[in-house]
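Peer 1: I am attaching a structure below and will ask some questions about it afterwards.
The values are calculated or read from the model by the stated rules, or taken from the named source; none is laboratory data. What you are looking at is a predicted structure, and each value in this text was computed from that prediction instead of being measured. For neighbour counting, all protein chains shown are included, and Cβ atoms are generated from backbone atoms with ideal geometry for every residue, glycine included. Side chains are part of the model used for accessible areas, which takes the heavy atoms of the whole protein and leaves out ligands, DNA and RNA. Shrake-Rupley method; radii C 1.70, N 1.55, O 1.52, S 1.80 Å.
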Amino acid sequence: MIGHKKLAALVVMLTVTLSGSLVTSGIAATNPTGNNKVTAAADDSQSNFTDISLSVASKATDLNFTWYSLNSKGTPTVQVALKSDFDGKTFPADKARTFKGNTSLGNNGMTSYKVNTNGFAESTQYVYRLGDGTNWSPVYNYNTHQTSQYSFFYMGDPQIGAGGDIAKDSAGWVDTMNKATQQFPNTNFMVSIGDQINNGKELNGQSNEVEYSGYFAPSQLKNLPIAAIAGNHETYGPGHTTHFDAPNMSTQYGEFASQPTSGADYYFTYGNTLYMALNSNDMNEEEHKQFMQDAISKNPNATWKIVLMHHSIYSSADHETDSDIIQRRNDLPPIFDSLGIDVVLDGHDHVYTRTYQMKGGQAQKNQKVDAEGRVIDPTGTLYMTVNSASGSKYYKIQEPNNNYYEAKKEQLNTPTFSRVSVTSNSFTIATYRTDTMTQTDSYTIVKSTEPNQAAVGVKDQINNLPNSDSISLNDADKVQAARNAYNALDAGQQKFITNLDKLTADESKIAQLKEAAKKQADEKAAAAVSGKINTIPNDIVLNANKDVSDAREAYDALSNTQKALVTNYDKLKSAEATVKKLQTSNSNTNNGNKTSDSNTSSTNEKVATSTQGSNTSSSATTPDSSSTSTSGNSTSTTPVSSVTATTLPKTGQFVDQNVLIGLGVLLIAIGSAVMVIYKKKINLKDVVSRFFNSFAKHLRA
């Protein structure tokens, strides 16, 4: 015989088993699938994001990114967002713009990642991060500045490794960048005029990547775009074109066959200036001429035409008398004269030299100078050679000490850098020594034939507009105002508006946004009417007439475009027809045509009749069917669907009431049986056997 404790345990076991089965089934039926979001953790490992470089692009609103990675199969990705959307911790990916790029084989078996981006507005703070499809770099800052007047650093020959100590040269380069950016934080970009690295014996058999790591050591290079020029030391080993991404690079001019990784000629525009960067390792000067003619023809409204090249033409130190320099001095100036080049910036000779204005190979010393010492509307071209920006190597000034072209020369034996400031009518080069940060030289060219102030104002007005990819309808008035201002200029003034394409792009985007807004409004209006039509019941009765008439009124108020978007209009027409039919039927009834015969139908309406106290009932299955009940002398009519719908099981109901009641009765029966067994001392084995036999028989039935 079983004890009472075992009996109680049996009851609990059966109850828990049944309840658990129900709960498990219920959870399986009602638990929704989770929306799991997987995000990659940031990874700043040296293997995935090294030698990060920002390069100038075709125009000021664009930017090119380059970095090295050990991941050879990654997808180069850059995400850019407004700094105002960044909380300082989590990158705002949902508000960022994403750009994809390409890879190529870099130094040391690493992979070069390149991504071109665009759409940067002036005077705006951004944040960005780099990705390879799996990892993300830390978040970095990038600030833009005005382009109507702007500045850039002009750095000569860092040549990391030239001093024989890579670490020392790198430290000198970092120091120069720190001091330059601390004193001039709002500088737009940097020109690195060549020989970024040395590629010499100091490598001791190592790859030149150790020197490139030294060049990219300054943290400012993650925030400051670079226009890098290939020097002669870039031809001693690979890496130049895989570390920098120059815009508009020629596929036929300026290539140096002995080292194709040094790149070719390229150009870019910034504000009112056209910059033409020549790979002067290639001494086919006719090719350079063809390249510059093409670039100038594509940018006819540039106020300033500037040439960037590594090899010095007019300098004062060791390279002054080199045969290749003499050849360039003979061949290139006539080309620059013919093209109206304003300034030539170069390096190579590790000494500071500023020429007079030069034309036809002669110094043009008789220039008009204003009270501030600025040269007004000068004749000829200015040539500049800058010293080492890192201090890795200096050359001694050579005799004679009074070359015909030298207006200013000096060897300070300390790192120097120059800062160039550009406005609508002036071009200034100021040079500083890094040990004291004092200015050592300054020279300004002024063009008095500047655009008049009205044109300058309109140009600035257009520049201050958002770019087309970030503009909104809130900017529509500003765009229209800029167009009105441009239209108010005369034909001569309009020629100075070199950024008209930006205004045109903004106008096009505003038109697209307006069209999209109108479409959205039309869809919203149509959806509202569709909703009204959907509220009309499927089984129409006379009291649905108001829903139908309201839906019709709303539909008729739509425009033809909006009406075409209403997809359930047929339901409205069908409902109106049914209402009309019911109204006709009701009118006939009120005129005495109604019959008391329960089998008579009126206006083809079939009805279901139920008489109190009768066992006979009939129902119809047509949409217009109704149920009629009679009690005494009163008669009421309701739709059949109203009667039958309440008896249908609810959609998705796990168990209906009958099943629940059955389960409850079963549990009570089990409990009662247990109590009987306990009191009567009935053989439990026989009872259980009979119970399950009966239960099995019930299931089979």
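Peer 1: Aliphatic (A, V, I, L, M) and free of Cβ contacts under 8 Å to residues at least 40 places away in the same chain, is that true of ALA389?
Peer 2: No: the conditions fail for ALA389.
Peer 1: Inside region 398-444, can you point out the residues that are of a type in the set (Ser, Thr, Tyr), part of a strand (DSSP E or B) and out of contact with any helix residue (DSSP H, G or I) (no Cβ under 8 Å at 6 or more places or on another chain)? Break it down into steps so the answer makes sense when it comes.
Peer 2: Let us first name the residues in region 398-444 that are of a type in the set (Ser, Thr, Tyr), namely 404-405, 414, 416, 418, 421, 423-424, 426, 428, 431-432, 434, 436, 438, 440, 442-444.
Restricting the remaining residues to those that are part of a strand (DSSP E or B) gives 416, 418, 421, 426, 428, 431-432, 440, 442-444.
Passing the criteria: THR416, SER418, SER421, SER426, THR428, THR431, THR440, SER442, TYR443, THR444.
Peer 1: Show the residue pairs that are 6+ apart or on different chains and have beta-carbon atoms under 9 Å apart, the first residue being within region 195-213 and free of Cβ contacts under 8 Å to residues at least 12 places away in the same chain, the second being surrounded by fewer than 19 Cβ atoms within 10 Å (Cβ to Cβ) and in a loop (DSSP other than H, G, I, E, B).
Peer 2: From residues that are free of Cβ contacts under 8 Å to residues at least 12 places away in the same chain, the pairs are LYS201/GLY164.
Peer 1: Given the residues GLY131, GLY88, which is the only one that is surrounded by fewer than 19 Cβ atoms within 10 Å (Cβ to Cβ) and small (Gly, Ala, Ser)?
Peer 2: Just a single option satisfies the conditions, and that option is GLY88.
Peer 1: Any residue in region 248-256 that is on the phi > 0 side of the Ramachandran plot and either in contact with a His (Cβ under 8 Å, 6 or more places away or on another chain) or open to solvent by 30 Å² or more (accessible area, probe 1.4 Å) (or both)?
Peer 2: Within region 248-256 (the criterion being on the phi > 0 side of the Ramachandran plot and either in contact with a His (Cβ under 8 Å, 6 or more places away or on another chain) or open to solvent by 30 Å² or more (accessible area, probe 1.4 Å) (or both)), the answer is yes, since at least one residue qualifies.
Peer 1: While we're looking at this one, here's another question. LYS179: touching a residue at least 60 places away in the same chain (Cβ under 8 Å), farther than 16 Å from SER213 by Cβ, in a strand (DSSP E or B) and among the basic types (Lys, Arg), yes or no? Full working, then the answer.
Peer 2: Values: touching a residue at least 60 places away in the same chain (Cβ under 8 Å): yes; farther than 16 Å from SER213 by Cβ: yes; in a strand (DSSP E or B): no; among the basic types (Lys, Arg): yes.
Answer is no for this residue.
Peer 1: Restricting region 323-347 to residues that are of a type in the set (D, E, K, R) and over 45 Å from the mean Cα position of the chain (by Cα), which is surrounded by the fewest Cβ atoms within 10 Å (Cβ to Cβ)?
Peer 2: ASP324
Peer 1: Right, another one. Could you please give the count of residues in region 337-394 that are farther than 30 Å from ILE166 by Cβ and part of a loop (DSSP other than H, G, I, E, B)? Write out each step before concluding.
Peer 2: Step one: list which residues in region 337-394 are farther than 30 Å from ILE166 by Cβ, which gives 337-344, 354-383.
Keeping just the survivors that are part of a loop (DSSP other than H, G, I, E, B) gives 340-342, 356, 360-361, 365-367, 370-374, 377-380.
The total comes to 18.
Peer 1: Exactly one condition in (1) open to solvent by less than 60 Å² (accessible area, probe 1.4 Å); (2) modelled with pLDDT under 95 is false for SER137; which is it?
Peer 2: Tallying (1) open to solvent by less than 60 Å² (accessible area, probe 1.4 Å); (2) modelled with pLDDT under 95, SER137 fails exactly one: (2).
Peer 1: While we're looking at this one, here's another question. Determine, yes or no, whether ALA564 is at pLDDT 75 or above and either surrounded by 16 or more Cβ atoms within 10 Å (Cβ to Cβ) or under 55 Å from the mean Cα position of the chain (by Cα) (or both).
Peer 2: Yes, satisfied.
Peer 1: Also, I was wondering about something else. Of these, ALA544, ALA525, ALA551, ALA517, which one is touching a residue at least 12 places away in the same chain (Cβ under 8 Å) and in contact with a Pro (Cβ under 6 Å, 6 or more places away or on another chain)?
Peer 2: Among ALA544, ALA525, ALA551, ALA517, only ALA544 is touching a residue at least 12 places away in the same chain (Cβ under 8 Å) and in contact with a Pro (Cβ under 6 Å, 6 or more places away or on another chain).
Peer 1: Take ASP51 and decide whether it is exposed (fewer than 12 other Cβ atoms within 10 Å of the Cβ) and modelled with pLDDT of 95 or more.
Peer 2: Spelling it out, it is not the case that ASP51 is exposed (fewer than 12 other Cβ atoms within 10 Å of the Cβ) and modelled with pLDDT of 95 or more.
Every residue, every condition in (1) touching a residue at least 60 places away in the same chain (Cβ under 8 Å); (2) buried (at least 18 other Cβ atoms within 10 Å of the Cβ); (3) more than 24 Å from SER418 (Cβ to Cβ); (4) not acidic (Asp, Glu), yes or no:
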{"position": "ASN281", "(1), (2), (3), (4)": "no, yes, no, yes"}
{"position": "GLN290", "(1), (2), (3), (4)": "no, no, yes, yes"}
{"position": "TYR314", "(1), (2), (3), (4)": "yes, yes, no, yes"}
{"position": "THR321", "(1), (2), (3), (4)": "yes, no, yes, yes"}
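Peer 1: What about PHE291, is it modelled with pLDDT of 95 or more and either at positive phi or not acidic (Asp, Glu) (or both)?
Peer 2: In short, yes.
Peer 1: Can you pull out the residues in region 365-390 that are surrounded by 13 or more Cβ atoms within 10 Å (Cβ to Cβ) and closer than 14 Å to LYS408 by Cα?
Peer 2: Passing the criteria: LEU382, TYR383, MET384, THR385, VAL386, ASN387.
Peer 1: Hey, can you tell me all the residues within region 223-247 that are farther than 25 Å from TYR140 by Cα and open to solvent by 30 Å² or more (accessible area, probe 1.4 Å)?
Peer 2: Listed by number, the residues that qualify are TYR236, PRO238.
Peer 1: In addition: Within region 140-162, count every residue that is within 23 Å of LYS114 (Cα to Cα) and open to solvent by 30 Å² or more (accessible area, probe 1.4 Å).
Peer 2: The total comes to 3.
Peer 1: Next question, about the same structure. Run down LEU105, LEU82 and say which single residue is in contact (Cβ under 8 Å) with a residue 24 or more places away in the chain, buried (at least 16 other Cβ atoms within 10 Å of the Cβ) and of a type outside the set (Gly, Ala, Ser).
Peer 2: Exactly one of LEU105, LEU82 is in contact (Cβ under 8 Å) with a residue 24 or more places away in the chain, buried (at least 16 other Cβ atoms within 10 Å of the Cβ) and of a type outside the set (Gly, Ala, Ser), namely LEU82.
Peer 1: Of all residues in region 204-237, which are farther than 18 Å from ILE166 by Cα and under 33 Å from the mean Cα position of the chain (by Cα)?
Peer 2: Correct list: GLN220, LEU221, LYS222, ASN223, LEU224, PRO225, ILE226, ALA227, ALA228, ILE229, ALA230.
Peer 1: Next question, about the same structure. With THR434, THR440 as the choices, which residue is open to solvent by 20 Å² or more (accessible area, probe 1.4 Å), at pLDDT 95 or above and polar (S, T, N, Q)?
Peer 2: On inspection, the qualifying residue turns out to be THR440.
Peer 1: With the structure loaded, tell me whether THR90 is on the phi < 0 side of the Ramachandran plot, at pLDDT 95 or above and in a loop (DSSP other than H, G, I, E, B) or whether it fails that test.
Peer 2: In short, yes.
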